[in-house]
Amino acid sequence: EKNTRIQQLVKRWESLEVIGGKLFHRWETKGRRHHWQWVVPVKAIPKVLAQCHSSLEGGHFGFWKTLGKIKQYYFWPGMTSDTKVWCKTCYICCKVKGPGRSYPAPLQQSQVGGPFQRIGMDILGPFPQTKRGNRVVLVLADYFTKWPEAIALPNQDAQTIASALVEKFISIHGVPNEVHTDQGRNFEAKLMEEVNGLLGARRTRTTPLHPQSGGLVERLNRTLTKYLAMFVAENQDDWDTKLPLFLLAYRSAPQETTGLSPAQLVFGRDLN
């Protein structure tokens, strides 16, 4: 196995370079951009896999996202098969997610005008009340960049949701053109009324729409729910403290539909 590893590295000789006493591999993306990946010694491979998959920052995401995270910084011969085996045999993933499934081909990205013009919104919960008094999560996802937001709230009243939407999303990303939600038309009308009241003279022309396809927020909800199941305490009163690291993990993970992480599409760089 050691000889096979050396042979594979020799085949990539032109892409290798010693930098600061360590061996690095030059990885070129489809856009002809490149960066250096540290060539991981055999003994350190399990540590890298655990960091990129099994830690809070790794998020216990599936094979595709885990491999994408690894490729951002690391390289070793056989890393694809090693990552697939690690994810498939992860004890916590098997316990929470059930039997492994086959990995589908990347989805086709739907046509969206630009970042944060069209977002999906849902309310996840109620969960057990936390020490901070939170019971639900306002989940938001941008259809263009796949950028997620998960905001813990004490209730799902329209006023509470509107305040969080303005303070934590609109103040940063601007007013979206469309909000896809399935919360019911009465709730949507009340929510838009509350948002307009908070915005004052800057009245939103946001159109609430019911999702017909795509399921972006639904997939994010499932991922978030599984993440919380893996990391929350037994009494489940600390789940809101896990949201920031979940968001870090998700924002830095490449997405099947874009091939890039949400952070790369929003900031033009990876999150460290």
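Only one of Val39, Val18, Val48 is out of contact with any helix residue (DSSP H, G or I) (no Cβ under 6 Å at 6 or more places or on another chain), hydrophobic (A, V, I, L, M, F, W, C), farther than 16 Å from Pro77 by Cβ and free of Cβ contacts under 8 Å to residues at least 40 places away in the same chain; which?
Val18 is the lone residue from the list that is out of contact with any helix residue (DSSP H, G or I) (no Cβ under 6 Å at 6 or more places or on another chain), hydrophobic (A, V, I, L, M, F, W, C), farther than 16 Å from Pro77 by Cβ and free of Cβ contacts under 8 Å to residues at least 40 places away in the same chain.
I need a count of the residues in the range 223-255 that are of a type in the set (Ser, Thr, Tyr), part of a helix (DSSP H, G or I) and within 25 Å of Leu67 (Cβ to Cβ).
Total satisfying the criteria: 4.
Please pick out the residue among Ala150, Ala141, Ala162 that is assigned to a strand (DSSP E or B), touching an Asp or Glu at 6+ places or on another chain (Cβ under 8 Å) and modelled with pLDDT of 90 or more.
Details: Ala150 fails: touching an Asp or Glu at 6+ places or on another chain (Cβ under 8 Å); Ala162 fails: assigned to a strand (DSSP E or B).
None of the others qualify; the one that does is Ala141.
Does Ser81 qualify as being small (Gly, Ala, Ser), on the phi < 0 side of the Ramachandran plot and modelled with pLDDT under 90?
Values: small (Gly, Ala, Ser): yes; on the phi < 0 side of the Ramachandran plot: yes; modelled with pLDDT under 90: no.
No, not satisfied.
Given the criterion within 19 Å of the chain's Cα centre (by Cα) and small (Gly, Ala, Ser), identify the matching residue among Ala164, Ala189, Ala158, Ala141. Give the steps one after another, and end with the answer.
Values: Ala164 fails: within 19 Å of the chain's Cα centre (by Cα); Ala189 fails: within 19 Å of the chain's Cα centre (by Cα); Ala158 fails: within 19 Å of the chain's Cα centre (by Cα).
None of the other options fit; the residue is Ala141.
Go through (1) without any contact (Cβ under 8 Å) to a residue 60 or more places away in the chain; (2) surrounded by 15 or more Cβ atoms within 10 Å (Cβ to Cβ) one by one and return the number of the condition Met230 breaks.
Condition (1) is where Met230 drops out.
The values are calculated or read from the model by the stated rules, or taken from the named source; none is laboratory data. Note that this is a predicted model, so its numbers are computed, not measured. Backbone-built Cβ (ideal geometry, glycine too); neighbour counts: all protein chains shown.
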